[in-house]
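Single-structure report; data block below.
The values are calculated or read from the model by the stated rules, or taken from the named source; none is laboratory data. These numbers come from a predicted model, not from an experiment. Heads up, the Cβs are rebuilt from the backbone with ideal geometry, glycines too, and the neighbour counts pull from every protein chain shown.
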Amino acid sequence: MKTILAVDDSATMREMVTFVLESAGYRVIEAEDGAQGLDRATATNVDLVITDQNMPNMDGLTLVRSLRELRDYKSVPILLLTTESSDSMKAQGRAAGATGWLVKPFDPATLLEVVQKVLR
Amino acid sequence: MSTRDATDAAQAADLLVTVATTLNERLAVTADELARSQALLREASDELMTAFRGAADRIVAAQRGADADAARAAEYGPVLDHLYRACQHLQSHDLVNQLIDAQKMRVDKMREKLLQALSLAAPPVSRPDQPEQWIERSRAMLDCIVAGIQQIDQDAHGPLGDKQRQGSVDLF
């Protein structure tokens, strides 16, 4: 069973992402912000990270950069799931090493398609 | 400068105080209404989330139990589709909450500047017969209000309203 780390400061968003992923058979670990996400990712190796951008303590782009510095996370897919939709933010995400960018509110079926694709 | 000039300048400064006070009072009402809207939204979404959670937990558990039985697992498909649709729209509460937070921040910042402008009008003018003193006071108040207007968008980032991009995916 693949393990996915879902990072978002909104409990509602975490719950939505977790429900959709668990309904498709994935195991989900949650974190409330980038700093906690980094802790969780170093404590348990995960197969995919899905993170929000605007969060307290550590934002999504900083989390992506921090994870990419870790040997275990050089090639693990990382998706940004955020309300930010500007081209400049997406360019920053790409430069930081993110695998993809999804704009909220997400469509569950689309999220699952993307997750399956990046985990292949 | 004549006494008439001083009287006009004093009246202009008083008018500015009246405008700032009224605007501040209206913004206080707006702040209160935003807080009440947010509380109502939170209450409603908490109830919806409890109902959603109950249904979601049961369907996920039932799906796991029905893994070996393809026919039973297929029955859960349509229920899951309904929950997926609910899931997509339940996210709206979160986005609306962020929008309200951004508006509250703007209102609070503007109120802070208006109060600062009003505090400039509090001490008595040392020479009320001198129009320059009133003009200087009015200018300082206006500068303060203009600074508030210019700073209103700083740090207040609501979710963007670009509906076409909502739900979009870019893989790099």
(request) Output the qualifying pairs, or none if there are none: Cβ atoms under 7 angstrom, residues six or more apart or on different chains, first residue in segment B:1-25 and closer than 14 Å to B:Q116 by Cα, second residue outside any loop (DSSP other than H, G, I, E, B) and β-branched (V, I, T). (result) B:A20/B:I145
(message) Exactly one condition in (1) within 14 Å of chain A (Cβ to nearest Cβ); (2) touching a residue at least 24 places away in the same chain (Cβ under 8 Å); (3) among the small types (G, A, S) is false for B:A61; which is it?
(response) (2)
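Whether any residue in segment A:81-91 is under 12 Å from the mean Cα position of the chain (by Cα), surrounded by fewer than 21 Cβ atoms within 10 Å (Cβ to Cβ) and not β-branched (V, I, T) is what I want to check. Break it down stepwise before answering.
Step one: of segment A:81-91, the residues under 12 Å from the mean Cα position of the chain (by Cα) are A:81-82.
Now drop any that are not surrounded by fewer than 21 Cβ atoms within 10 Å (Cβ to Cβ), which leaves none.
Within segment A:81-91 (the criterion being under 12 Å from the mean Cα position of the chain (by Cα), surrounded by fewer than 21 Cβ atoms within 10 Å (Cβ to Cβ) and not β-branched (V, I, T)), the answer is no, since none of the residues qualifies.
Among the small types (G, A, S) and in contact with a Phe, Trp or Tyr (Cβ under 7 Å, 6 or more places away or on another chain), is that true of B:A71? Can you show your working first?
On the way: among the small types (G, A, S): yes; in contact with a Phe, Trp or Tyr (Cβ under 7 Å, 6 or more places away or on another chain): no.
When the stated conditions are applied, B:A71 does not pass them.
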(request) Please go through segment A:109-120 and pick out each residue that is within 20 Å of A:E84 (Cβ to Cβ) and more than 13 Å from the chain's Cα centre (by Cα). (result) A:T110
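For B:D5, state whether it is assigned to a helix (DSSP H, G or I), touching a helix residue (DSSP H, G or I) at 6+ places or on another chain (Cβ under 8 Å) and at pLDDT below 90. Walk me through how you get there before you give the answer.
Numbers: assigned to a helix (DSSP H, G or I): yes; touching a helix residue (DSSP H, G or I) at 6+ places or on another chain (Cβ under 8 Å): yes; at pLDDT below 90: yes.
Yes: the conditions hold for B:D5.
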(message) I want to confirm something. Restricting to segment B:96-126 and keeping residues that are touching a residue at least 12 places away in the same chain (Cβ under 8 Å) and small (G, A, S), which single residue is surrounded by the most Cβ atoms within 10 Å (Cβ to Cβ)?
(response) B:A117
(message) Looking for something closer than 20 Å to A:M13 by Cα and out of contact with any strand residue (DSSP E or B) (no Cβ under 7 Å at 6 or more places or on another chain) - is there at least one such residue anywhere in segment A:84-101?
(response) yes
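Condition (residue is under 30 Å from B:P78 (Cβ atoms), among the polar types (S, T, N, Q) and either crowded, with 21+ Cβ neighbours inside 10 Å or over 11 Å from the mean Cα position of the chain (by Cα) (or both)) applied to segment A:32-48: is it met by at least one residue?
Keep residues of segment A:32-48 that are under 30 Å from B:P78 (Cβ atoms), which gives A:47-48.
Now narrow it down to the ones that are among the polar types (S, T, N, Q): none.
No.
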(request) Report whether or not A:L5 is more than 19 Å from A:Q92 (Cβ to Cβ), outside any loop (DSSP other than H, G, I, E, B), among the hydrophobic types (A, V, I, L, M, F, W, C) and within 11 Å of another protein chain (Cβ to nearest Cβ). (result) no
(message) Looking at B:Q116 and the list (1) over 33 Å from the mean Cα position of the chain (by Cα); (2) part of a helix (DSSP H, G or I); (3) of a type in the set (S, T, N, Q), which single condition is not satisfied?
(response) (1)
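Mind listing whichever residues of segment A:4-20 are small (G, A, S) and within 8 Å of A:E30 (Cβ to Cβ)? Working first, answer last.
Let us first name the residues in segment A:4-20 that are small (G, A, S), namely A:6, A:10-11.
Once the filter is applied, which keeps residues that are small (G, A, S) and within 8 Å of A:E30 (Cβ to Cβ), segment A:4-20 yields only A:A6.
Can you list the strands (runs of 3 or more DSSP E) lying wholly within segment A:15-120 that have 1 or more residues being away from every other protein chain (no Cβ under 12 Å) and among the aromatic types (F, W, Y)? Give the steps one after another, and end with the answer.
Details: elements: A:27-31, A:48-51, A:78-82, A:100-103.
Output list is empty.
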(request) Determine the pairs where a residue that is farther than 17 Å from A:V114 by Cα, located within segment A:76-96, has a partner that is in a helix (DSSP H, G or I) and polar (S, T, N, Q) with Cβ atoms under 6 Å apart, the partner being 6 or more residues away or on another chain. (result) none
